[in-house]
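The values are calculated or read from the model by the stated rules, or taken from the named source; none is laboratory data. All values derive from a computational prediction rather than experimental measurement. Methodologically, a virtual Cβ is constructed for each residue, glycine included, from the backbone with ideal geometry; neighbour enumeration extends over all protein chains shown.
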Amino acid sequence: MRKRVIIAVTAASAWVGIPVQGLSAMSGADLAQPPASPTATSSAASAPDTCNMRQAKRFTGIVYKRQVHEDLARAILHNRIRLIRPGSVITQDMRPDRINLILDDAGKIMTIRCG
């Protein structure tokens, strides 16, 4: 029975693209547990800043106005800024070099993201 499980796992792993080195040494309990996923902080810390979001973070909490737009564009060194208001329809295209400003009902900048 154990041999069938290892063969099935090996075949499934090859299909998914997971390396199977040392699989025969694993116990049944090891095979039942899912692999550890990376933490959100490590992936966020290693993610490249493609839209100069670090310079834009200081604008969080400010009411969006024309002067804020000009100051933000000067700080991030580009003018690829998209406003996302509550209930607005947006396209699903991913542009890593664009800044998305998520606004609340009063026009205050709540979140800033690349995309």
*May I ask you to list the residues in segment 70-112 that are in a loop (DSSP other than H, G, I, E, B) and of a type in the set (Asp, Glu)?*
ASP93, ASP97, ASP104, ASP105
*Where residues in segment 84-100 are within 19 Å of the chain's Cα centre (by Cα) and free of Cβ contacts under 8 Å to residues at least 40 places away in the same chain, which of them is nearest to ARG54 (Cα to Cα)?*
ASN100
*asked:* Under 7 Å between Cβ atoms, which residue pairs at least 6 apart in sequence (or on different chains) link something in segment 69-83 that is in contact (Cβ under 8 Å) with a residue 24 or more places away in the chain with a partner that is assigned to a helix (DSSP H, G or I)?
replied: LEU72/ALA56; LEU72/PHE59; ILE76/GLN55; ILE76/ALA56
_Looking at ALA11 and the list (1) part of a helix (DSSP H, G or I); (2) modelled with pLDDT of 95 or more, which single condition is not satisfied?_
(2)
*Does segment 46-67 hold any residues that are assigned to a helix (DSSP H, G or I), touching a residue at least 24 places away in the same chain (Cβ under 8 Å) and of a type outside the set (Gly, Ala, Ser), and which are they?*
MET53, LYS57, PHE59
